[in-house]
Amino acid sequence: MNTLHHPVASAEQWLAQRKALLAREKELTNLKDQVARERRALPWLRIDKYYVFDTPSGPRTLAELFEGRRQLVVQHFMYTPGAEQGCKSCSYMADHTDGALAHLAQRDTTVVAVSRMIRSWLKCVP
């Protein structure tokens with residue numbers, strides 16, 4: 001967008017265009033809500049494969065990652081072996097997850113991050 005030559009409108013023109021855009025935004029919201037309902041209605045998938053994760057507490061199975069809770073949120077922290085740092089968006093999420101953990105635990109949900117990063121390189125793990 002070139003702000004130097006951006007169109008300028010009267011209040012009436014702006015309001016008409018804003019109302020038209022608002023109608024499209026509401027359509028988008030309704031579509032997103034419908035897709036979310038359809039996603040929640042998908043059948044669950046039984047995981048029959050045996051997964052083991054290397055954790056700071058030692059090896060843990062997928063079932064153990066739930067920590068006795070009903071739900072598990074898995075954040076894939078993207079990291080390319082040999083890279084100097086992880087994905088910027090993943091790093092941002094990792095930096096801002098702690099505040100949500102207590103709220104998610106109250107909703108019977110455990111959060112874990114998985115990565116291809118070598119655990120010894122993690123500086124944030126106690």
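Tell me whether the stretch 82-101 contains one or more residues that are loosely packed, with under 14 Cβ neighbours inside 10 Å, in a loop (DSSP other than H, G, I, E, B) and modelled with pLDDT of 90 or more. So far as the stretch 82-101 goes, yes, one or more of its residues are loosely packed, with under 14 Cβ neighbours inside 10 Å, in a loop (DSSP other than H, G, I, E, B) and modelled with pLDDT of 90 or more. Taken over the stretch 25-57, residues that are surrounded by 10 or more Cβ atoms within 10 Å (Cβ to Cβ) and more than 24 Å from the chain's Cα centre (by Cα) amount to 0. Quick check on Met117: is it without any contact (Cβ under 8 Å) to a residue 60 or more places away in the chain, assigned to a helix (DSSP H, G or I) and hydrophobic (A, V, I, L, M, F, W, C)? No; evaluated as a whole, the condition is false for this residue.
Consider the stretch 37-76 and keep the residues that are touching a helix residue (DSSP H, G or I) at 6+ places or on another chain (Cβ under 8 Å) and among the charged types (D, E, K, R). The one that is modelled with the lowest pLDDT is Asp54.
Residues in the stretch 1-21 that are part of a helix (DSSP H, G or I), surrounded by fewer than 10 Cβ atoms within 10 Å (Cβ to Cβ) and polar (S, T, N, Q): Thr3 only. Checking every residue in the stretch 78-91 against the condition of being out of contact with any strand residue (DSSP E or B) (no Cβ under 9 Å at 6 or more places or on another chain) and charged (D, E, K, R) gives at least one match.
The values are calculated or read from the model by the stated rules, or taken from the named source; none is laboratory data. None of the values given here were measured: they were computed from a predicted structure. Reconstructed Cβ throughout: ideal geometry from the backbone, glycine too, with neighbour counts over all protein chains shown.
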